[in-house]
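Below is one structure, written out as structure tokens, with a few remarks after it.
The values are calculated or read from the model by the stated rules, or taken from the named source; none is laboratory data. This is a predicted model, so every value here is computed, not measured. Glycine also receives a Cβ, built like all others from the backbone with ideal geometry; neighbour counts cover every protein chain displayed. SASA here: full protein model, heavy atoms, side chains in, ligands and nucleic acids out. Shrake-Rupley method; radii C 1.70, N 1.55, O 1.52, S 1.80 Å.
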Amino acid sequence: MGRLVVVSNRTANLTKKTQAGGLTVGIVDALKSQDGLWMGWDGRISEDISAPKQEKYDNVTTLTTSLTPEEHEKYYLGFSNKVLWPAFHYRLDLMDYRTEFADCYASVNERFAATLAPQLKQDDVIWVHDYHMIPMAAKLRQKGCGNKIGFFLHIPFPSIDVFSAVPRHEWLRSCLLQYDLIGFQTVNDVQNFHRYLKEHSDADIISPELVRVDGRTIHIGHFPIGIDVKQFAQTSSKPDDTVELERIRRKMLKRFQIISADRLDYSKGLPHRIKAFRKFLDLYPEYQGHAEYLQIASPSREDVTAYGDIKSELEQLAGAVNGKFADFNWAPIQYINRSIARSKLAPLFKSSLIGLITPLRDGMNLVAKEYVAAQDDADPGILILSKFAGAAEELSEALIVNPYDINDVAQAIQKAATMPLAERQLRHRKLLKRVTEHDAQWWQREYLDALLGKTERPQLIHQFTKHSPIHLTT
């Protein structure tokens, strides 16, 4: 293998000693070991697109460019986040398709490819990330690039009916089939893609992992992304006076905390979550005055109208619950609409009895894995997880719920609140083992080995579909 070349919408700040996010954690070490190159948007919006900027951090080179206001509006906010994001999260009702969005999306990928192509060496291996960059391989192939090119989709791949409703889905399919390896988060994503190919293409399905198109063999697989478990666990154990004082206060008052931490996004199911917590207080009034729900919702894509709408809805719902149930020394919901540093978030997870992670649809959801990693082995909390999060395929010892069913979620909260310590410990051991084994480093090794043809992974197609049940001995 020559250099690893990574292409993504944004590049990370490589001057930071510790990195956040599965993509960055997973690939930085690989880039360093291969004298790698990372290309992406630098975050600037400017009418004047200057020459691409190259910078060196240790032995990793970044190649970045700005976007014009039109590109930001049509490529990023437009086709990427008003068409692909809602569609891939099963929200066709929120899709805002305009021809100029797709045209600009294609042209930005063309410009990125034109910038990258002269930098490539013959033995470079190219790894393209996420829905912003689906056409990248096709654009590079048009420029004569014969390198190995892999693609990884971080968000869900939708069902056949949903994907076929996306304008220009045939073009997106043809772009995907220019890659040598297409990686998804889950078995379900792989199966959805297979069903789509059978219905809407002339691809020859050789096996669950191989298809043939126009004389080319394309590998397909699922590679669930992980986190840096050791680093997050260490962060959760660092003393934080404010968090510790709150934990002591709750213990003295016989209270417990439920925590959620998400980007402010309609795919996360935040209004459903608040409604479920309200139902919990209605169904189990003995917990009024004792259960405290902390919802952290960091701002996200505020230029998209749908995000402003959900912000207003959350504020109204949280206010209504507090208005109905709050006492002079107890408020059931604490809602924070800003980003919280990981150094604070990790100990908050550790001090919370319940992690409530119930997206309506999610590619993986690394917050669920971070909650597991943060727990105290001797007295761990319980993860309540949506069946529609990709992480549910792996984390079957969590309490798996239907996020649309507020009664189901309310009853899961009650079950978690009354769960015996022995059962909490057993569930946590199983979850932590899996999260540790399949961490961010495992993810990048498995993907790159598959891209390079170093490993066969047929057993992985079913690896996370069946786990042993929870058995407790007294």
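Computed quantities for the displayed model
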item	result
Selected from ILE49, LEU31, SER300, residue furthest toward positive end of dipole (the chain; charges at beta carbon)	LEU31
Extension reserve of the GLN425-GLU70 stretch, reckoned as 0.36 nm per residue once the Cα distance is removed	122.5 nm
Dipole axis of the chain (+1 Lys, Arg; -1 Asp, Glu on Cβ), positive-most option in VAL435, HIS219, ASN9	VAL435
Extension gain (nm, one decimal) between ASN402 and LYS254, 0.36 nm per residue minus Cα-Cα	50.4 nm
Mean ellipticity per residue at 222 nm, deg cm²/dmol - from DSSP H runs of n ≥ 4 across the chain, formula -39500 (n - 2.57)	-11500 deg cm²/dmol
Highest to lowest packing among 173-185, 118-130, scored as the average C-beta count within 10 Å	173-185, 118-130
Residue among ILE406, SER237, SER107 farthest towards the positive dipole end of the chain, charges placed on Cβ	SER237
TYR57, TYR131, ranked by accessible area, largest first (probe 1.4 Å)	TYR57, TYR131
Total charge dipole magnitude, region 85-230, about the Cα centre, Cβ charges on Lys, Arg, Asp, Glu only, Debye to nearest 20	280 debye
Inter-probe distance in nm under a simple model that places probes 7 Å from Cα toward Cβ, at HIS290 and ASP214	6.4 nm
Region 273-398: radius of gyration and largest Cα-Cα distance (Dmax), Å	15.3, 45
Within the chain: Cβ-based charge dipole about Cα centre, in debye rounded to nearest 20 (Lys, Arg +1; Asp, Glu -1)	920 debye
Trypsin sites (Lys or Arg not before Pro) within region 246-328: DSSP coil, no more than 11 neighbouring Cβ in 10 Å	LYS254
Region 332-412 shape via C-alpha gyration tensor axes, a/c threshold 1.5	rounded
Net charge of Cβ neighbours under 11 Å - reference LYS139; Lys, Arg +1; Asp, Glu -1	+2
Estimated FRET transfer efficiency when R0 is 56 angstrom, pair ASP282-THR15 (beta carbons, to 0.05)	0.65
Pairwise centroid distance, computed over Cα atoms, of region 220-298 with region 76-96, Å	28 Å
Shape parameters for region 139-274, alpha-carbon atoms, Rg then Dmax in Å	22.2, 69
Inter-site label distance for LEU92 and GLU170 at 7 Å from Cα along Cβ, in nm	1.8 nm
THR115/ASP202 FRET efficiency (R0 45 Å; Cβ-Cβ; nearest 0.05)	0.85
Average accessible area per residue (Å²) across region 1-104 - probe 1.4 Å, nucleic acids and ligands excluded	43 Å²
Within region 335-356, backbone nitrogen closer than 19 Å to the virtual label 7 Å beyond the Cα of THR418 toward Cβ	353-355
Difference of contour (0.36 nm per residue) and Cα-Cα distance, TRP330 to ASP29	103.8 nm
Region 56-169, dipole about Cα centre (Lys/Arg Cβ +1, Asp/Glu Cβ -1), debye to the nearest 20	300 debye
Protein accessible area in the chain, 1.4 Å probe - carbon and sulfur %	48 percent
Filtered GluC sites (Glu not before Pro), region 390-457: DSSP coil and at most 14 other beta carbons within 10 Å	GLU456
